[in-house]
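Colleague: One structure coming up, written as structure tokens, with questions to follow.
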Amino acid sequence: MKKQRYRLDTKKGIRSVLYSITAIIATACLVIFLNIVFMGIGLSEYVRKTPDYVNVTWLEVTDQGYELNEDVRAKMDKNDVWAMLLNEEGQVIWEYRKPEELADSYSRADITRMSKWYLQGYPVYLRIWEDKIIVTGYPKDTLWKYNIEFSLPWIDFIKRVWVYFFLINFIWIIGLTFLFTRKWKEQREKARIEWIAGISHDIRTPLSMVMGYADTLEHDDNLSGEERQQAAVIKHQSIIMKELVEDLNLTSRLEYSMQALRKEEVRPAAVLREVAASFLNDVQEGQLQIALEIEETAEDIMIKADRRLLVRAFRNLTNNSMQHGGQADAVTIQIHMQRDKSRCIIRFEDNGMGYSEEVLRQLLNRRKKDAAQNIRGLGIVQKIIIAHGGKISFGNCQDGGSFCLIKFRSRIRL
Amino acid sequence: MNLYDYKILLVDDEPDLRNMVKGFLQKAGFYKIVTAACCEEAKEIFHREAPGLILLDVMLPDGDGFSLLQRIREESEVPVIFLSARDEDENRLHGLGLGADDYITKPFLAQELILRVTAVLKRVYRVHDMQENRIIMLGGCKVDLSSGVVYRGDTEVTLTAKEYAIIQKLSENRGRIVTIDTLCETVWQEGNYGYENTLIVHIRRLREKIEEDPSHPKHLLTVRGLGYKLV
């Protein structure tokens with residue numbers, strides 16, 4: 001018998017991780033780029049502040065002595081800059097806007113001191129012009145001056161390791177961004193889970209009454225057969241609602257790995273028997289046939305699993321065969337050990353109408369957006385199996401009906 | 001004391017739900033029912049009425065049922081069943097861990113509620129439902145579960161302990177399939193694994209005692225691959 005097989009696309013998950021990593025790296029690059037740009041702007045601002053026009057070409061020697069170039073004068077006025085010219089003996093031979101408090105003559109010591117720092121609090125710049133010194137000064141408290149010295153070996157060292165420094169910074173930024181993004185995402189997921197848990201909690205109490213009274217009416221002998229039938233429908237539908245609410249809650253918890261799995265050693269053969277028996281007990285005679293095919297050796301298969309969730313998954317699979325367009329009246333369940341004895345394979349097969357293309361497409365595509373209503377029962381099966389580290393695939397048999405293949409890591413009980 | 005003579009205290013903040021559950025219990029035969037809407041009221045009624053069983057909602061307006069249970073456990077061992085709108089396993093286990101006797105998740109059916117209430121009462125007070133039939137009729141054969149004796153015509157056969165456990169489990173679920181695993185668990189309790197073949201032997205002996213034709217059983221039926229069923 002040839003089967004069409006549909007397998008879950010795990011590559012999609014990897015791809016989404018790659019996407020987010022790329023996004024993070026891109027963000028980090030952008031942050032670094034912006035840093036450099038801002039630093040550049042800051043530096044250029046500083047450079048602009050230095051009196052670039054303070055050079056020797058602006059003084060012209062005339063008959064009367066020295067004359068200031070007109071452009072430069074305007075600039076100096078605008079920036080509140082003053083200037084003076086010292087001869088070899090340190091005497092002021094020309095000045096422009098020089099503050100009154102400053103002396104007219106300077107010793108070598110004075111000149112040495114002011115060449116690096118301030119002249120009585122005025123930030124000044126010294127230039128040599130021929131054998132004279134031009135002193136250009138800003139008003140008090142307008143500039144901060146600092147002398148920087150580096151030892152040459154240190155500069156060499158920096159030259160060698162700056163790439164690594166850059167890398168370390170880069171990694172830091174990536175790491176921080178990543179942490180923040182994850183935390184933010186976690187919070188959002190948690191809020192969503194709590195929201196869903198809240199809804200399912202709030203629905204339960206009113207649903208109790210719908211279900212309870214519908215049940216009472218169904219068994220009320222004073223009502224007509226038709227009325228009781230209607231009550232039975234209400235009850236049946238409210239049971240479906242109850243299951244949907246449970247599924248919804250469990251789905252959201254499994255989706256974000258918030259459901260703690262209570263793993264214990266479970267014999268899948270026993271779980272399958274339990275599920276099959278409870279179905280056969282509840283359906284009407286002849287409505288459903290379940291053939292459980294357990295090989296002798298398969299009795300000893302043990303897996304580590306949350307029993308309750310496993311029962312739920314197997315129930316949903318069987319239920320899905322009967323309902324939701326499956327309309328099967330015979331379900332075959334097989335369990336056997338894979339040949340290499342590392343995994344067990346559980347196979348559900350029915351003689352119903354099979355899955356529609358649409359359902360199969362949705363089962364393959366696990367993205368949340370597409371988690372449509374008509375696969376909810378199967379979607380949760382998928383999530384339960386995957387949460388247990390198992391593999392699951394769905395498909396249609398060639399001669400009608402659908403199948404589901406589940407693989408679990410397992411061991412043989414000795 | 002009859003099972004239905006025990007007083008039941010129902011604590012839930014939703015009046016409609018209280019009425020409904022009260023109705024269920026009355027219909028089932030319980031006639032002493034008191035209700036409370038919050039922890040404070042529950043404590044007061046608990047001291048005044050000394051109920052035989054408490055049905056306790058987990059979410060109450062002035063506190064949660066878990067802490068109320070802890071308070072009650074300090075002074076009494078009265079059986080408590082939680083009625084909760086939360087189905088998370090942690091909640092269930094938390095409740096049972098605190099010493100609750102059962103945990104029912106909303107929504108529930110009347111049948112389920114009554115079954116659990118009676119089961120807890122029976123277990124805790126070791127009384128038997130007076131209406132419960134301790135005698136099973138299987139065609140021309142009568143099994144008395146209170147003495148473990150099978151009567152067929154004039155002959156009397158006594159059941160062994162294991163046969164008795166098997167038939168009791170099957171009769172509790174009469175008409176329903178009981179899996180091999182459940183039967184093994186009932187008979188051998190811990191470490192029930194690997195007794196399937198022994199179970200077959202016990203079933204055969206049991207059939208010899210209750211069936212007219214043990215090779216063509218009419219009452220104790222085999223459901224192939226799953227278990228057994230008593231019809």
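Colleague: Which ranges mark the strands (runs of 3 or more DSSP E) fully within region A:56-174 that have 3 or more residues being surrounded by 15 or more Cβ atoms within 10 Å (Cβ to Cβ)?
Modeller: Strands (runs of 3 or more DSSP E) meeting the threshold: A:82-86, A:92-96, A:122-129, A:132-137.
Colleague: Could you name every one of the strands (runs of 3 or more DSSP E) located completely within region B:1-83 that has at least 1 residues being more than 21 Å from B:GLY99 (Cβ to Cβ)? Spell out how you get there, then give the answer.
Modeller: Details: elements: B:8-11, B:33-36, B:53-57.
The strands (runs of 3 or more DSSP E) meeting that bar are B:33-36.
Colleague: Quick one: which of A:TYR19, A:TYR6, A:TYR46 is modelled with pLDDT of 75 or more and over 16 Å from A:VAL124 (Cβ atoms)?
Modeller: Testing whether each residue is modelled with pLDDT of 75 or more and over 16 Å from A:VAL124 (Cβ atoms) leaves just A:TYR19.
Colleague: Quick test for you: out of B:GLU49, B:GLU14, pick the one residue that is surrounded by fewer than 22 Cβ atoms within 10 Å (Cβ to Cβ), acidic (Asp, Glu) and within 14 Å of another protein chain (Cβ to nearest Cβ). Walk me through it before giving the result.
Modeller: Values: B:GLU49 fails: within 14 Å of another protein chain (Cβ to nearest Cβ).
When all the criteria are applied, what remains is B:GLU14.
Colleague: Name the single residue that is nearest to B:VAL124 (Cα to Cα) among those in region B:23-36 being crowded, with 18+ Cβ neighbours inside 10 Å and within 14 Å of chain A (Cβ to nearest Cβ).
Modeller: Only one residue fits best here, namely B:LEU25.
Colleague: A follow-up question, please. Can you find a residue in region B:166-189 that is under 13 Å from B:ARG205 (Cβ atoms), in contact (Cβ under 8 Å) with a residue 40 or more places away in the chain, more than 17 Å from the chain's Cα centre (by Cα) and away from chain A (no Cβ under 14 Å)?
Modeller: The first filter runs over region B:166-189 and keeps only residues under 13 Å from B:ARG205 (Cβ atoms), leaving B:166-167, B:187.
Applying the additional criterion that residues be in contact (Cβ under 8 Å) with a residue 40 or more places away in the chain yields B:166-167.
Checking the rest, the ones that are also more than 17 Å from the chain's Cα centre (by Cα) come to none.
For region B:166-189, residues under 13 Å from B:ARG205 (Cβ atoms), in contact (Cβ under 8 Å) with a residue 40 or more places away in the chain, more than 17 Å from the chain's Cα centre (by Cα) and away from chain A (no Cβ under 14 Å): absent.
Colleague: Test A:LYS183 against the criterion of being assigned to a helix (DSSP H, G or I) and either free of Cβ contacts under 8 Å to residues at least 40 places away in the same chain or not β-branched (Val, Ile, Thr) (or both), and give yes or no. Working first, answer last.
Modeller: Values: assigned to a helix (DSSP H, G or I): yes; either free of Cβ contacts under 8 Å to residues at least 40 places away in the same chain or not β-branched (Val, Ile, Thr) (or both): yes.
Criteria met by A:LYS183.
Colleague: Restricting the search to region B:95-120, which residues are away from chain A (no Cβ under 11 Å) and farther than 20 Å from B:ARG73 by Cβ?
Modeller: B:ILE114, B:LEU115, B:THR118, B:ALA119
Colleague: So, one more: Residue by residue through region A:67-87, note down the ones that are touching a residue at least 40 places away in the same chain (Cβ under 8 Å) and among the small types (Gly, Ala, Ser). Quick ask: steps written out before the conclusion?
Modeller: As a first pass, look at region A:67-87 and keep what is touching a residue at least 40 places away in the same chain (Cβ under 8 Å): A:79-87.
Once the filter is applied, which keeps residues that are touching a residue at least 40 places away in the same chain (Cβ under 8 Å) and among the small types (Gly, Ala, Ser), region A:67-87 yields only A:ALA83.
Colleague: Give region A:374-410 a look and list any residue that's among the charged types (D, E, K, R) and either out of contact with any helix residue (DSSP H, G or I) (no Cβ under 9 Å at 6 or more places or on another chain) or at positive phi (or both), or say none.
Modeller: Of the residues in region A:374-410, the ones among the charged types (D, E, K, R) are A:376, A:383, A:391, A:399, A:407, A:409.
Result: A:ASP399, A:ARG409.
Colleague: Going through region B:77-93 one residue at a time, which ones are more than 19 Å from B:PHE108 (Cβ to Cβ) and in contact with a helix residue (DSSP H, G or I) (Cβ under 8 Å, 6 or more places away or on another chain)? Steps first, please.
Modeller: The initial filter retains those residues of region B:77-93 that are more than 19 Å from B:PHE108 (Cβ to Cβ), namely B:77-78, B:90.
The one that is more than 19 Å from B:PHE108 (Cβ to Cβ) and in contact with a helix residue (DSSP H, G or I) (Cβ under 8 Å, 6 or more places away or on another chain): B:VAL78.
Colleague: Any idea which residue in region B:63-88 is surrounded by the fewest Cβ atoms within 10 Å (Cβ to Cβ), counting only those that are within 14 Å of chain A (Cβ to nearest Cβ) and either under 21 Å from the mean Cα position of the chain (by Cα) or within 16 Å of A:GLY212 (Cβ to Cβ) (or both)?
Modeller: Result: B:ASP87.
Colleague: Another one. For region A:270-300, enumerate the residues that are under 15 Å from A:ILE412 (Cα atoms) and either among the small types (Gly, Ala, Ser) or out of contact with any Lys or Arg (no Cβ under 7 Å at 6 or more places or on another chain) (or both). Please lay out each step first, then the result.
Modeller: Narrowing region A:270-300 to residues under 15 Å from A:ILE412 (Cα atoms): A:270, A:294-300.
Selection gives A:ALA270, A:ILE294, A:GLU295, A:GLU296, A:THR297, A:ALA298, A:GLU299.
Colleague: Let me ask something else. For B:LYS122, work out the one condition from (1) assigned to a loop (DSSP other than H, G, I, E, B); (2) surrounded by fewer than 18 Cβ atoms within 10 Å (Cβ to Cβ) it doesn't fulfil.
Modeller: Looking at each condition in turn, B:LYS122 falls short on (1).
Colleague: Now for a separate question. Out of A:PHE157, A:PHE166, A:PHE150, I need the residue that is aromatic (Phe, Trp, Tyr), under 25 Å from the mean Cα position of the chain (by Cα) and more than 26 Å from B:VAL58 (Cα to Cα). Which one?
Modeller: Going through A:PHE157, A:PHE166, A:PHE150 in turn, just one is aromatic (Phe, Trp, Tyr), under 25 Å from the mean Cα position of the chain (by Cα) and more than 26 Å from B:VAL58 (Cα to Cα): A:PHE166.
Colleague: Only one of (1) more than 14 Å from chain B (Cβ to nearest Cβ); (2) closer than 20 Å to A:GLN382 by Cα; (3) among the aliphatic types (A, V, I, L, M) fails for A:MET337. Which number is that?
Modeller: That leaves (2) as the condition not met.
Colleague: Taking into account only those residues within region A:197-223 that are of a type in the set (Val, Ile, Thr), within 44 Å of the chain's Cα centre (by Cα) and over 14 Å from A:VAL233 (Cβ atoms), which is surrounded by the fewest Cβ atoms within 10 Å (Cβ to Cβ)?
Modeller: First, pick out the residues of region A:197-223 that are of a type in the set (Val, Ile, Thr): A:199, A:203, A:205, A:210, A:216.
Pick out the ones that are also within 44 Å of the chain's Cα centre (by Cα) and you get A:199, A:203, A:205, A:210.
With over 14 Å from A:VAL233 (Cβ atoms) added as a condition, the list becomes A:199, A:203, A:205.
Details: A:ILE199: 14, A:ILE203: 19, A:THR205: 19.
Filtering region A:197-223 for residues that are of a type in the set (Val, Ile, Thr), within 44 Å of the chain's Cα centre (by Cα) and over 14 Å from A:VAL233 (Cβ atoms), the one surrounded by the fewest Cβ atoms within 10 Å (Cβ to Cβ) comes out as A:ILE199.
Colleague: Still on this structure: Report, ordered by the first and then the second residue, all pairs with beta carbons closer than 7 Å, sequence separation of six or more or different chains, a first member in region A:282-295 that is assigned by TED's automatic domain parsing to the domain that holds A:GLU349, and a second member that is among the hydroxyl-bearing types (Ser, Thr, Tyr) and assigned to a strand (DSSP E or B).
Modeller: A:ALA291/A:THR332; A:GLU293/A:THR332
Colleague: May I pose another question? Exactly one of these conditions fails for A:GLY175: (1) within 14 Å of chain B (Cβ to nearest Cβ); (2) farther than 30 Å from A:MET241 by Cα. Give me its number.
Modeller: Unmet condition: (1).
Colleague: Just the residues that are out of contact with any strand residue (DSSP E or B) (no Cβ under 8 Å at 6 or more places or on another chain) and of a type in the set (Gly, Ala, Ser), please, taken from region B:24-78.
Modeller: B:ALA28, B:GLY29, B:ALA50, B:GLY63, B:SER67, B:SER76
Colleague: Those residues that are in contact with a Gly (Cβ under 7 Å, 6 or more places away or on another chain) and in contact (Cβ under 8 Å) with a residue 60 or more places away in the chain, I need them from region B:56-96; list them, please.
Modeller: If the condition is that a residue be in contact with a Gly (Cβ under 7 Å, 6 or more places away or on another chain) and in contact (Cβ under 8 Å) with a residue 60 or more places away in the chain, then no residue fits.
Colleague: Right, something else. Could you go through region A:192-209 and let me know if any residue there is more than 14 Å from every other protein chain (Cβ to nearest Cβ), part of a helix (DSSP H, G or I) and closer than 30 Å to A:GLU255 by Cβ. Before you say what the answer is, go through the steps one by one.
Modeller: Of all residues in region A:192-209, those more than 14 Å from every other protein chain (Cβ to nearest Cβ) come to A:192, A:195.
Those still in the list that are part of a helix (DSSP H, G or I) too: A:192, A:195.
Keeping just the survivors that are closer than 30 Å to A:GLU255 by Cβ gives A:192, A:195.
Within region A:192-209, one or more residues are more than 14 Å from every other protein chain (Cβ to nearest Cβ), part of a helix (DSSP H, G or I) and closer than 30 Å to A:GLU255 by Cβ.
The values are calculated or read from the model by the stated rules, or taken from the named source; none is laboratory data. Note that this is a predicted model, so its numbers are computed, not measured. Glycine gets a Cβ as well: all are built from the backbone with ideal geometry, and neighbour counts include every protein chain shown.
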